[in-house]
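This report refers to the structure that appears directly beneath it.
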Amino acid sequence: MLLTNRVRELRARFNFTQGELAERVGVTRQTIVSLEKGSYTPSLLLAMNIAEEFKMPIEEIFTKEDEK
């Protein structure tokens with residue numbers, strides 16, 4: 001299974017830089033970069049913090065997909 005996300009899209013919609021989002025959720029900018037590239041799976045706490053920042057349910061940001 002893969003975990004995909006809409007972080008890049010939502011970050012742009014909210015006009016946050018990667019650094020700003022990272023600061024708001026308590027991680028480094030590199031973590032946000034890796035998350036957006038799909039090479040990092042966030043902890044539940046980080047996913048919850050991101051969802052709170054975007055005022056959306058986690059399920060609307062992060063999605064499980066079968067690997068092809």
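Lys/Arg Cβ at +1, Asp/Glu Cβ at -1, dipole of the chain taken about the Cα centre: which of 58, 7, 33 is farthest positive-ward?
Farthest towards the positive end: 33.
Treat each spin label as a single point 7 Å out from the Cα along the C-beta direction, and report the residue 17 to residue 48 distance in nm.
3.0 nm
Could you work out the relative contact order of the chain? I mean the mean sequence separation of Cα pairs under 8 Å and 6+ apart, divided by the number of residues, in percent.
Working: 64 pairs, mean separation 32.5, N = 68.
It rounds to 48 percent for the chain.
Expressed in nm to one decimal, what extension gain is obtained for the pair residue 24 and residue 37 from 0.36 nm per residue of sequence separation less their Cα-Cα distance?
Working: separation 13, 0.36 × 13 = 4.68 nm, distance 1.93 nm.
Gain on extension, residue 24 to residue 37, equals 2.8 nm.
Which shape class, rounded, prolate or oblate, goes with segment 28-68 when its Cα gyration tensor gives a ≥ b ≥ c as root eigenvalues, a/c under 1.5 marks rounded, and past that a/b bigger than b/c marks prolate?
Here segment 28-68 falls in the oblate category.
What is the sum of charges, Lys and Arg at +1 and Asp and Glu at -1, for the other residues whose Cβ falls under 15 Å from the Cβ of residue 18?
Numbers: positive: 6, 8, 11, 13, 24, 29, 37; negative: 9, 20, 23, 36, 53.
Within the 15 Å Cβ shell, the charges total +2.
We did not get these values from a lab; they are worked out from the coordinates using the rules stated. Remember, predicted model here, so these are calculated numbers, not experimental data. Here Cβ is always computed from backbone atoms with ideal geometry, including for glycine, and neighbour counts include all displayed protein chains.
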